[in-house]
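Okay, so here's the structure we're looking at.
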Amino acid sequence: MKKIILIINVILIVFMLCLPVRVYAVDDTMDDVFHGAQEWLKNGENTNAPIDQQQLKSTSDTIYNILLGIAMAVSVAVGVILGIKYMMAGSEEKAQVKETLGPYIISLIVVFGAFAIWKIVVTILQ
């Protein structure tokens, strides 16, 4: 079992190292940074505009979809790991996997319940 986990970890590390990494850097001096900060503060003081509801909804939907995708990926990954452990385990290890199944199901209910509440609140407030 430890060999399988080690092999999976090595594959994941190699996969992550092969992903392209983009770095966005700007060559600014400290004066440019301070000038940009002062401009940002001036823009904030002069604005009395109301909140743009469409932009707020768009941002909320984007955050909702990203977090929901992460939650689904993590829940599927943990479920797969628990399933593999259960299939490969002996009788004593199967009992341990069954013990972890309860908190796993409760965490799924809490996480996806929170997403449901978030979506209901956003829908009602529109």
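Any read-out appearing in this document is the output of simple, stated calculations on the displayed coordinates, not a laboratory observation. This structure is a prediction, so every number in the text was calculated from the model and none was measured. Please note: Cβ atoms are built from the backbone with ideal geometry, for glycine as well, and neighbour counts cover all protein chains shown.
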* **Rough spin-label spacing in nm, given labels placed 7 Å along Cα→Cβ, for residue 115 and residue 77** => 1.5 nm
* Hits among aspartates and glutamates - C-alpha to C-alpha of residue 119 under 12 Å, sequence gap 8 or more where chains match -> 61
* With a Cα-only, solvent-free Debye model of the chain, what are the log10 I(q)/I(0) values at q = 0.12, 0.17, 0.19, 0.20 Å⁻¹? -> -0.84, -1.06, -1.14, -1.18
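Only helices at least 15 Å long along their own axis, judged from Cα atoms, and with Kyte-Doolittle mean hydropathy of -0.5 or greater: name those in the chain from DSSP H.
Membrane-span-like by this criterion, though nothing is claimed about a membrane: 2-18, 53-88, 91-125.
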* Overall Cα dimensions of segment 52-126 - principal axes, largest extent first, Å -> 58, 17, 9
* Sequence-distant or interchain residues sharing an amide H contact under 5 Å with residue 89, placed H: which? -> none
* Asked: lysines near residue 2 by alpha-carbon distance under 17 Å, same-chain residues fewer than 8 away left out - which ones?
  -> 85, 94
